[in-house]
Amino acid sequence: MLAKRIIPCLDINNGRTVKGVNFVNIRDAGDPVELAMYYSREGADELVFLDITATVEKRKTLVELVKKVAAQINIPFTVGGGIASVENAFELLQNGADKISINSAAFKNPALIKEMADEFGSQCVVLAIDTKKEADGKWYVYLNGGRVKTEMTALDWAKQAVASGAGEILLTSMNNDGTKDGFAEKITSLISKEISVPIIASGGAGNMQHFADIFQNANADAALAATVFHYKEIEIPVLKQFLSDKKVNVRL
Amino acid sequence: MKIAIVKYNAGNVQSVLYALQRLGIDAVVTGDAEEILKADKVIFPGVGHAGSAMEYLQKHHLDKLIISLKQPVLGICLGLQLMCNWSEEGNTKCLGIFNVNVKKFDNSILKNKRAHFKIPHMGWNNIYGLKSPLFGGVKENSFVYFVHSYYAEQSPETIATTDYIVPFSAAIHRDNFYGVQFHTEKSADTGIQIISNFLKLA
């Protein structure tokens, strides 16, 4: 049976991981390669690298990083953060990334999704959506790291993106992100039901039960978290055992 | 040992190269007939579209070359699918090494059931019914990593099965030809075991 996936997310700035404490057995938790190897050994099912570097050197350091990560780990990984063209994506995929996550650039230029899907296949194209529930009860798409509101709902955008060729949706709830109160079950569940591709839930993980809930109540295919893993509040082997005991199918 | 990875227009071979490097093996990525013919083992990877991949292979005469190979050949993902008879993807006639067809996953047959099967089949799933030296030291129901929307049907040549909507061929074997639908190069320790088993095949 297809397993539910646990995905640590590593924020990268100038080639270094942003969050995190020092782990035992890791020389340098700021080194994305070392951290990636650590999570891979711990049983993470996939990794996501999100580049938040704002400098012009960004592209070069990211390609170098992808090369090093791909040489060292043997689980799939996704790279995202400011990727705006087929050429950008090609360079990262050629160097060993498995999937490319696109967000604002795809919203501003929806043709990008189809271009990437035609060029590399849908399985390489992850559409990341940052969404926030407003007073009117609707979940709107936000761009530029959550700074710019749009008038499109997350569900409409997800449907449109899947029709254009997105192979997976990475849904981050801004209402939940950073709260540690759990994932956004309702919107995850709604989108999961309405679209045909896998959905990764992100934002709000605080304890192990939250992971069980997003899989069992909202039918997420994968759950992504950063802080709880980087600060070792939740350890992946313990989490997976917990989920397995709760009858969630995970890779042990 | 000389390993050739077939170079064509489908997908990213870097991960396969890295996986071999971690095993201390150097491989050449090549579309050159001479080099492929003289290799001890040939890996035929691929991520992409069956139709455009077959067109490329035919144009570069790689189709007949692959069929004629006598050394162990391992097709991975699209590589496996191209080694079958026919693919529903682009209604494509393939190499015909394995006597099976490749179909698209169809979750409409399960509409009334509670489970919602997403397509592509993406993530870690179990392989069972393992019957080949390719799986030496690999436990039944081990998890491996899949990403695909098309699958090879079950056949007498199936050497590993996975269930997703329907049971399908996770791996196939005929003579010196082996195919795996999953990504050995991304399947953690199980994947490494399978690659090293392949490298040991005579």
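About the Cα centre of the stretch A:5-245, what is the dipole size in debye to 20, counting +1 per Lys and Arg Cβ and -1 per Asp and Glu Cβ, all else neutral?
Working: 24 positive and 31 negative charges, 62 e Å.
So the magnitude is around 300 debye.
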Tabulate in residue order the Karplus-calculated ³J(HN,Hα) for the stretch A:146-156, using 6.51 cos²θ - 1.76 cosθ + 1.60 with θ = phi - 60°, rounded to whole Hz; enter x for Gly and Pro.
-> x, 8, 10, 7, 10, 9, 8, 7, 4, 5, 4
When the helix-only estimate is applied to chain A (DSSP H runs of n ≥ 4, each -39,500 (n - 2.57), divided by the residue count), what is the mean residue ellipticity at 222 nm, nearest 500 deg cm²/dmol?
-> -10500 deg cm²/dmol
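If you count only protein heavy atoms with a 1.4 Å probe, what accessible area per residue comes out for the stretch A:1-92, rounded to a whole Å²?
On the way: 3740 Å² over 92 residues.
Value for the stretch A:1-92: 41 Å² per residue.
Please state the equivalent ellipsoid semi-axes for the protein assembly as shown: what are the square roots of 5 times the Cα gyration tensor eigenvalues, largest first, in whole Å?
Details: eigenvalues 242, 108, 98 Å².
Computed over the protein assembly as shown, the values are 35, 23, 22 Å.
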20 Å cut-off, amide nitrogen to a point 7 angstrom out along A:Ala105 Cα→Cβ, residues in the stretch B:9-47 = B:11-12
Evaluate the Debye formula for chain B with equal point scatterers sitting on the alpha carbons, no solvent, and hand back log10 of I(q)/I(0) at q = 0.10, 0.14 Å⁻¹, in q order, two decimals.
-> -0.37, -0.75
Would you mind checking the stretch B:53-74 for residues with the amide N under 14 Å from a putative spin-label position 7 Å along Cα→C-beta of B:Leu37?
-> B:61-71
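In percent, what relative contact order does chain A have, based on Cα pairs under 8 Å that are 6 or more apart in sequence?
On the way: 522 pairs, mean separation 45.4, N = 252.
Result for chain A is 18 percent.
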Calculate one ³J(HN,Hα) per residue across the stretch B:134-148 by plugging θ = phi - 60° into the Karplus curve 6.51 cos²θ - 1.76 cosθ + 1.60, and present them in order as whole Hz with x for glycine and proline.
-> 4, 9, x, x, 9, 6, 3, 6, 4, 8, 9, 9, 10, 8, 6
Okay, helix-only estimate at 222 nm for chain B: each DSSP H run of n ≥ 4 adds -39500 (n - 2.57), divide by all residues, round to 500 deg cm²/dmol; what do you get?
-> -7000 deg cm²/dmol
Which residues qualify? For B:Val29, with a placed amide H closer than 5 Å and at least 5 residues away or on another chain, they are B:Ile5
By what distance, in whole Å, do the Cα atoms of the stretch A:43-146 stretch along each of the three principal axes, largest value first?
-> 48, 32, 29
Long pairs among B:Lys7/B:Lys64; A:Lys99/A:Lys246; B:Lys131/B:Lys200; A:Lys108/A:Lys149; A:Lys133/A:Lys240, criterion Cα-Cα beyond 21 Å | A:Lys99/A:Lys246; A:Lys133/A:Lys240
Interchain or long-range residues, amide H under 5 Å from B:Cys77's placed H | B:Val180, B:Gln181, B:Phe182
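Using the heavy atoms of the protein chains and a 1.4 angstrom probe, tell me the accessible area per residue for the stretch B:3-200 in square angstrom. List each step's numbers first, then the result.
On the way: 7960 Å² over 198 residues.
Result: 40 Å² of accessible area for each residue.
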With the dipole of the stretch A:72-167 worked out from charges on the C-beta (+1 for Lys and Arg, -1 for Asp and Glu) around the Cα centre, which of A:Gly80, A:Leu155, A:Ala128 lies farthest toward the positive end?
-> A:Leu155
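Taking all protein chains as present, what is the carbon and sulfur share of the accessible area of chain A, in % to the nearest whole number, probe 1.4 Å?
Details: 4920 of 10040 Å².
Carbon plus sulfur share of accessible area: 49 percent.
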Considering only protein heavy atoms, what is the solvent-accessible area of B:Asp189 at a probe of 1.4 Å, reported in Å² to the nearest 10?
-> 120
Residues with amide H under 5 Å from that of A:Asn217, placed H, sequence gap 5 or more = none
What spacing in nm lies between the two simple spin-label points modelled at A:Gln72 and B:Glu140, each 7 Å away from Cα in the Cβ direction?
-> 3.8
Applied in sequence order to the stretch A:65-74, the curve 6.51 cos²θ - 1.76 cosθ + 1.60 (Karplus, θ = phi - 60°) yields integer Hz couplings, x standing for Gly and Pro, of 5, 4, 4, 5, 5, 4, 6, 9, 10, 10
Just reorder B:Trp86, B:Trp124 by solvent-accessible area, largest first, 1.4 Å probe, all chains present.
-> B:Trp86, B:Trp124
So for R0 = 30 Å, FRET eff. of A:Asp156-A:Val18 from the Cβ-Cβ r, to 0.05, ends up at 0.40
Under the rule rounded for a/c under 1.5, else prolate if a/b exceeds b/c, else oblate, using alpha carbon gyration tensor axes a ≥ b ≥ c, the stretch A:5-245 is classed as oblate
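The values are calculated or read from the model by the stated rules, or taken from the named source; none is laboratory data. Treat the numbers as computed from the prediction; the structure is a model and nothing was measured. Cβ coordinates were reconstructed from backbone atoms using ideal geometry, including for glycine residues, and neighbour counts include every protein chain displayed. Accessible surface areas use protein heavy atoms only, side chains included; no ligands, DNA or RNA. Shrake-Rupley method; radii C 1.70, N 1.55, O 1.52, S 1.80 Å.
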